[in-house]
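A.B. asks: The structure's right below; bear with me while I get my questions together.
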Amino acid sequence: MDPSEVEFLAEKEMVKIIPNFSLDKIYLIGGDLGPFNPGLTVEVPVWLALNLKQRQKCRIVPPEWMDADKLEEIREQERREDTFTPIPSLHYMELTKLLLNHAADNIPRADEIRTLVKDIWDTRIAKLRLSADSFINQQEAHARLDNLTLMEINTTRTFLLDSLNCMYKLRSNLQPGSGSGKAHDY
Amino acid sequence: MADALSEASDLSGGEESQDEDVLTPPELIARLEEAWLNEKFSPELLENKSELVECVMEQLTHMEENLQRVKKGDLKASIHRMEIDRIRFVLSSFLRSRLQKIEKFFPHVLEKEKSRADGDPSFLSPEEFAFAKEYLANTEVYLKAVALRHMPPNLQSVDMLKAVPEPCLDSFVFLRVKERQENILVEPETDDQRDYVVDLEEGSQHLMRYRTIAPLVSSGAVQLI
Amino acid sequence: MDTQSYMPVPPGVGMEENFLSLDDILLSHERLPCKTDTSFPKLGFLEKTSESHDIPENTKMEMPLWMAKGLYERKRHVISVDLPKVYREGWRTVFGADANMVDLHKMGPYYYGLGSQILHFENAENPEIAQSILQTFIGRFRRTMDSSQNAYNEDMSALLERLDCLERALFRSGQNGLNAFQLWERGRASQLTASSLVTNYRKRKITELHS
Amino acid sequence: MFVTDIRKEFYDVVVHQRVALLVSADIDALCACKILQALFHCDQVQYTLVPVTGWQELGTAFLEHKEQYRYFVLINCGANVDLLETLQPEEDSVFFICDTHRPVDVVNVYNDTQIKLLIKQDDDLGVPSYDDIFRDEEDEDSDGGDSGNESDGGSEPSGKRRRFDEGALERRIERQRARREWEARRRDILFDYEQYEYHGTSAAMVMFELAWVMTKDTRDMLWWSIIGLTDQWVHEKITHIKYVTDIATLQRHVSRHNHRNEDEENSVSIDCMRITFEYDLRLALYQHWSLYESICNSCYTSCSFKLWSINGQKKLQEFLADMGLPLKQVRQKFNSMDMSIKENLREVIEESSNKFGMKDIRVQTFGVHFGFKNRFLASDVVHAAVALLENVEKEETPTDNFIKALDCLSRSNIERLHLGIDLAKKKLKAIQQTVASCICTNLILSQGPFLYCHLMEGTPDVKLFSKPLALTLLCKYLLKAFICSTRNKRCKILPLIMAAPMDVEKGTVIVLGIPPESDTSNKKNFFGRAFEKAAESTTSRTLHDHFDTSIIELKMEDKGKFLDALITLLS
Amino acid sequence: MFCEKAVELVRELHRMTDGQLPAFNEDGIRQVLEEMKALYEQNQSDVNEAKTEGKSELIPTIKFRHCCLLRNQRCIAGYLYDRLLRIRALRWEYGSVLPTTIRFHMCAEELEWFNQYKKSLATYMRSLGGDEGLDITQDIKPPKSLYIEVRCLKDHGEFEIDDGTVILLKKNSQHFLPRWKCEQLIRQGVLEHVIS
């Protein structure tokens, strides 16, 4: 799956904006939005918030978790533990990138947030590689991955699944003929 | 402009009665996204969702008609158009991943369809079935015309069922549990390990072989991610 | 990184070959040390060393895997297949010690593929061979994974040369995942791009003009 | 007609339409185009942008787009010529012209249906009044009818009061005399009005004001309007007073923008761009190469030291010594100079410059910072962009270069901007070397009313000077240097004409003239009209394709007779 | 050894890992078919000899040649099938009208296969409902905005966008157009997506 598709899913998350225009309720297929009144916060999906921001029609209120101090705590916790700690949003990496690239002026301490999230990401990705290696070494058939976000999974998905599938086939060599694949050769 | 973009038409007015409960538009879109992800990550072709596809197409064309009557540059219209673009992307990507699997495993898909008992749900929509048959015919005609007919008599055909690899149901997949499941049997990887059983709590995420949870995917108990 | 619509038939990996997979066709072209257990009349011209009309019994000759598999029947021996040296006991202990040290590319680029295929030929050591190949794969997995995620900042090409074909394919899929992520992080992923097929044709057209 | 409310009469008209943007090839136009594009992206206005490097391309672009588009926006082209006459458009085509070229053609001023001028009224336009130029048709009726005297110009139909007496005869003669007098006066007025070509307020600033009026002005847009104004300053299109007043206007906007994010918590993201008002040095690109190279290749310093002469070089060494900067530092790239030196470098240079007679080495300008190490002065960006615009290194068409110059203006294309800076360094070096060789080999000859210098085929970098902006800059630097180096008082107040090979196959040269160099010079240039008249009187094969009328293309063979005609015309 | 020519065909294709379509190797195929014909005839005569004169010692040679025949068949099938997958990719990457440079690389049967494939894909897409169905070869990437800025890389003449309006694609001209309409031309390399 391409990262832009993961980002596409992340853009369905809701976020608060402060519009500078007025518009009555909109009945979208995916649900109703608005009404929009200048200066009053309203919740919209991220894809709409970014579009309105680019067209200079609103300011974006960063989500509560996108706060330098909170993220600092999470980073320390992530570094302390060797399991994946619970993450405030399933799409923390995508939302940080989207909001910081398009609405950095609406987000205080934007650069600290960007570095904090990058640190959290790097720590977790290193853990993911460790657990992948142990999963292969122990030749396990099942692993539980709570708290892992879709973007984290997606970055190593193809490599990990291809490797697991290759290993499975090499292992089926141990029981010649019993493997599910029919052994008709040419 | 009269609010042509009134309440997106509810589906209660569907022609024939649908076995699933009647879907509101938001549920429809949510179902489509689930089907899209499952199809994208499952090694085999899943059950066809032609009803779902039809309903979504209906919503899109209905909304597009409304938008024709709206003057250009209207903010509300541009928001609706953005949503249509997003839904149409998911629908196209969903149908594309189905089509790619049909083309990749066409002999097996056709074989499965032919040997399907009448009652069972079909994996191919009628249009997909037609497309798969044409693809098989077209490819066999091509191979015959270019080379096979010039080969010695006993070599003038290739058994596509054997030549084209089957989907490997033992591939590993990532999944998120939507409805709690107990005692899911996990086949051991090595013969010195014994079978063991795993519980799947709601909301938990797992990495395991597709074969063990295939029925849960079609029932919607788990979502591939 | 546009989504590639060209998806070739994948290799079978393991003992089962995919008939239409180009990788498997090339794998099965690898040579194996064999011995004829019967004479092959009229095929003398194939065997360079002897001028005789036929290939006599007990001649040692190299045969491609596809030929060896075709002629090998457990019951009536037409040929017998020896074990390539890389799968013999000596090398197996070397792999057991530290699989990462070995340059699998030099050892014949299809180490895992060929290793799995020779299990078709009866040999007492087959279980050990299968086990050794699996352990080698597991032993080298960590380094392949980390290097494909640019975890080491040393020069990749040195490491890449030592990988066998299967490992190279895994390395590439790891790199593709990483590149896609980095492209996305730089905000370039949402840019619509010309299909690589188009750009390559244009490039090739220019080279054709010059060559 | 002049647009009074740019928002209502321009933006709101086109916001729901499809627009064709015809943009001239100069940096101010590119900046105005960037601002307008950003606004159109905001409001999803569909447009097509076509670069036009001259009248021929403007004509073709219009012909190709007139079926699909009704609304045309012309940037830095079209104001100084009777556009309806040139393009012969349909009734319904509407042209919004945002152009700095002056004078504005009178027909464009007084046409109120198809021509909308996005030009600020406070520019000293001096447009002659309507009655001095146009006479209503009713006064022009045939001699016989007596439609009552001129003064009342009554509107009731003239046919009903018909009687005949000898008084009518005198009145008719009187009227004919008045008309001839009016026509003579009209000719003089138009002659004075159209004699000099000059430039008005930057197009980028006009477009920025539009964005500001709609509270859609972003910092990127403000930066582009700064670059547009700086382009006018670098290419000496506007007077120093005009530059200073426009700088003040932009400074108010800059402090408004900088103030806007002070009220939020402390730091704003490093990626947000910060614009600062600065007193900086007239040393071209000095932060992008060594101080030494910058001093040698900046017109201001090289003229005051007279660097083409030996004692000029000696004077430079004294200047460097006076500043007390170690030679190694002066020759090093600016970024790698020691921090201690860089800190108060500006003050040190200024202090020594005053001692060496360079009183006004300081100039008001703006700088921008974004990302960790991206820091540019407005003039850096102008030099880089114009170098890309007229890049002769690769066989690329002018419109290819237009696109590359346009790209380098957006912050996401830093590599393209650095490429432009490298090209600009080469160009500045080429200009200095050519100036030095022209002065030392006395290539500048006085033809009486003007100075003349012809770059022969084969002189180094001559290809670069086949481009209008590069040749203009060379011409200005050469005139300044010549004035410093000549002792002949009279030559110091003469204008300069330069010619350089343009197209070898067609055997043509590019010819351009610049007004004399003087502190009070109002940058007004009469060569446009002069070239036209000289070309007509000698039927020389010339092409007046450039939007600046003082730049033309001339057949080599006709150069002699053309120059002679100019001499007689101007002496 | 036998089957060298056949595996050379496969290698030639395998070298082009990015899905490009090399020229159809007409004489390569012909040579392999000739080798197969020769092998088959030699086997026929040896089978008769073995049957009539009871020479069972010929059986290994017969089996040997039969393996070569199977190998040649597999190489040709692999070669042709992989070319099909590359031609199929062209429909999705490039569009339904292929440039001449690509068509020269295809044999007549491949052109025919491409046309059939195009038709059945078009029928399938039309069947998806609405008045002209749904073009699933579009929307390859998730949508980011309704309109995008594009630059024309070469003169392409007139191009119709929605409700009949036509625009002229002249080299180096830039346009701000609905994203959906430009996707195809961007993939074909006519337009370039400009990220501001």
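Please treat every number below as a calculation from the coordinates, not as lab data. Note that this is a predicted model, so its numbers are computed, not measured. Heads up, the Cβs are rebuilt from the backbone with ideal geometry, glycines too, and the neighbour counts pull from every protein chain shown.
A.B. asks: Please identify the DSSP H helices in chain D that span no less than 18 Å along the helix axis (Cα) and have a mean Kyte-Doolittle hydropathy of 0.0 or more. Spell out each step's value before the answer.
C.D. replies: Working: long enough: D:27-42 (23 Å, 1.38); D:166-195 (44 Å, -1.78); D:219-234 (22 Å, 0.19); D:240-260 (30 Å, -1.01); D:310-323 (20 Å, -0.51); D:414-440 (39 Å, 0.32); D:468-485 (25 Å, 1.47).
Counting only whole DSSP H runs, the qualifying helices are D:27-42, D:219-234, D:414-440, D:468-485.
A.B. asks: Kindly state, to the nearest 0.05, the FRET efficiency for D:LYS559 paired with D:PHE191, given R0 = 25 Å and r defined as their beta-carbon distance. Mind showing how you got there, number by number?
C.D. replies: Details: r = 27 Å, r/R0 = 1.08.
E between D:LYS559 and D:PHE191, to the nearest 0.05, is 0.40.
A.B. asks: If you don't mind, another one. In nm, to one decimal, how far is the B:LYS112 label point from the D:GLU91 one, both placed 7 Å along Cα→Cβ?
C.D. replies: Those two pseudo-labels are separated by 6.8 nm.
A.B. asks: Next question. For D:ASP99, D:ASP322, what's the fewest-to-most ordering of other Cβ within 10 Å of each Cβ? Kindly include the intermediate steps, with their values, before the conclusion.
C.D. replies: Numbers: D:ASP99 27, D:ASP322 14.
By the 10 Å Cβ count, ascending: D:ASP322, D:ASP99.
A.B. asks: Can you bin the protein assembly as shown into rounded, prolate or oblate? Criterion: square roots of the alpha carbon gyration tensor eigenvalues sorted a ≥ b ≥ c, rounded for a/c under 1.5, prolate for a/b above b/c, oblate for the rest. Provide the component values of the computation, followed by the final result.
C.D. replies: Working: a/c = 2.06, a/b = 1.88, b/c = 1.10.
The shape class here is prolate.
A.B. asks: Calculate the dipole size of chain D relative to its Cα centre from +1 charges on Lys and Arg beta carbons and -1 charges on Asp and Glu beta carbons; express the result in debye to the nearest 20. Please list the in-between numbers first.
C.D. replies: Working: 70 positive and 88 negative charges, 573 e Å.
Roughly 2760 debye, rounded to the nearest 20.
A.B. asks: Find which of C:LEU26, B:PRO25, B:SER42 sits farthest along the positive direction of the dipole of the protein assembly as shown, computed with +1 on the beta-carbon of Lys and Arg, -1 on that of Asp and Glu, about the Cα centre.
C.D. replies: Most positive-ward Cα: C:LEU26.
A.B. asks: Now for a separate question. Using just the helices of chain E, give the 222 nm mean residue ellipticity in deg cm²/dmol: DSSP H runs with n ≥ 4 each add -39,500 (n - 2.57), and the total is spread over all residues, rounded to 500.
C.D. replies: Numbers: 6 runs with 106 residues, N = 196.
Calculated mean residue ellipticity at 222 nm is -18500 deg cm²/dmol.
A.B. asks: Using the alpha-carbon atoms, what tilt in degrees (0 to 90, nearest 10) does helix C:165-185 show relative to the longest principal axis of chain C?
C.D. replies: Relative to chain C, helix C:165-185 is tipped by roughly 10 degrees.
A.B. asks: Same structure, new question: Among the lysines in segment A:37-186, how many pairs, 8 or more places apart or on different chains, have alpha carbons under 22 Å apart?
C.D. replies: Taking segment A:37-186 as the scope, the lysine pair count is 9.
A.B. asks: May I ask you to derive the FRET efficiency for D:ARG375 and D:HIS240 from their Cβ-Cβ distance with R0 = 22 Å, giving the value to the nearest 0.05? Don't jump to the answer; show the numbers that get you there.
C.D. replies: Values: r = 26 Å, r/R0 = 1.18.
It comes to 0.25.
A.B. asks: Sticking with this one: Modelled label-to-label distance, D:ARG172 and D:GLN17, 7 Å Cα→beta-carbon offset: nm?
C.D. replies: 4.8 nm
A.B. asks: To the nearest whole number, what is the average tally of beta carbon atoms from other chains within 10 Å of the beta carbons of peptide B:132-138? Don't jump to the answer; show the numbers that get you there.
C.D. replies: Numbers: counts 2, 1, 7, 7, 0, 2, 9.
Mean number of neighbouring Cβ atoms from other chains: 4.
A.B. asks: Send over the semi-axes of segment D:460-564's equivalent ellipsoid, whole angstrom and largest first, taken as the square roots of 5 times the C-alpha gyration tensor eigenvalues.
C.D. replies: Working: eigenvalues 110, 53, 33 Å².
Ellipsoid half-lengths, sorted descending, are 23, 16, 13 Å.
A.B. asks: Assign unit charges at the C-beta atoms only (+1 for Lys and Arg, -1 for Asp and Glu), then state the dipole size of the protein assembly as shown relative to its Cα centre in Debye, rounded to the nearest 20. Please list the in-between numbers first.
C.D. replies: On the way: 173 positive and 219 negative charges, 943 e Å.
I would put it at about 4520 debye.
A.B. asks: Next question, about the same structure. Please give the peptides D:22-35, D:308-321 ranked by average Cβ packing (other Cβ atoms within 10 Å per residue), highest first, as a rough proxy for protection. Walk me through the numbers before you get to the answer.
C.D. replies: Working: D:22-35: 28.4, D:308-321: 14.7.
The most tightly packed comes first, giving D:22-35, D:308-321.
A.B. asks: Further question: Looking at D:GLY324, D:GLN46, D:SER379, which one has the Cα that reaches farthest to the positive end of the dipole of the protein assembly as shown (charges on Cβ: Lys, Arg +1; Asp, Glu -1)?
C.D. replies: With unit charges placed on the Cβ atoms, the residue in question is D:GLY324.
A.B. asks: Can you figure out the FRET efficiency of C:LEU83 with B:GLN68, using R₀ = 56 Å and their beta-carbon distance, to the nearest 0.05?
C.D. replies: Values: r = 73 Å, r/R0 = 1.31.
E(calc), rounded to 0.05, equals 0.15.
A.B. asks: Sticking with this structure for a sec: Counting partner chain Cβ atoms within 10 Å of every residue's Cβ in E:125-134, what's the average?
C.D. replies: Details: counts 5, 1, 7, 10, 9, 7, 2, 0, 2, 9.
That works out to 5 on average.
A.B. asks: Could you give the length gained by full extension between D:GLN56 and D:ASP422, i.e. 0.36 nm per residue of separation minus their alpha carbon distance, to one decimal place? Present the calculation step by step, with values, prior to reporting the outcome.
C.D. replies: On the way: separation 366, 0.36 × 366 = 131.76 nm, distance 3.17 nm.
Between D:GLN56 and D:ASP422, full extension yields 128.6 nm more.
A.B. asks: Could you size up the charge dipole of segment A:76-186 around its Cα centre, putting +1 on the beta carbon of Lys and Arg and -1 on that of Asp and Glu, and report it in debye to the nearest 20?
C.D. replies: Approximately 340 debye in magnitude.
A.B. asks: With unit charges on the beta carbons (Lys and Arg positive, Asp and Glu negative) and the dipole taken about the Cα centre of the protein assembly as shown, which residue among B:VAL186, E:MET36, B:GLY220 sits farthest to the positive side?
C.D. replies: Ranked along the dipole, the leading option is E:MET36.
A.B. asks: What's the angle, to the nearest 10 degrees (0 to 90), between helix C:196-210's Cα axis and the longest principal axis of chain C?
C.D. replies: 80 degrees
A.B. asks: Taking a 22 Å limit on the Cα-Cα distance, which of the listed pairs D:LYS427/D:LYS492; D:LYS306/D:LYS359; D:LYS120/D:LYS242 fall beyond it? List each step's numbers first, then the result.
C.D. replies: On the way: D:LYS427/D:LYS492 26 Å; D:LYS306/D:LYS359 16 Å; D:LYS120/D:LYS242 13 Å.
Correct reply: D:LYS427/D:LYS492.
A.B. asks: Measure up B:LYS71/D:LYS216; B:LYS104/E:LYS144; C:LYS42/E:LYS37; D:LYS394/D:LYS429; D:LYS533/D:LYS559; D:LYS315/D:LYS480 against 21 Å on the Cα-Cα distance and list the ones that go over.
C.D. replies: On the way: B:LYS71/D:LYS216 23 Å; B:LYS104/E:LYS144 30 Å; C:LYS42/E:LYS37 17 Å; D:LYS394/D:LYS429 19 Å; D:LYS533/D:LYS559 14 Å; D:LYS315/D:LYS480 18 Å.
Table pairs above 21 Å Cα-Cα are B:LYS71/D:LYS216; B:LYS104/E:LYS144.
A.B. asks: Tell me the angle of helix B:210-219 to the major Cα principal axis of chain B, expressed in degrees between 0 and 90 and rounded to the nearest ten.
C.D. replies: Roughly 30 degrees between the two axes.
A.B. asks: Mind checking B:54-64 for the average number of partner chain beta-carbons within 10 Å of each residue's beta-carbon?
C.D. replies: Details: counts 2, 1, 4, 5, 2, 2, 4, 4, 2, 3, 2.
Mean partner shielding for this stretch: 3.
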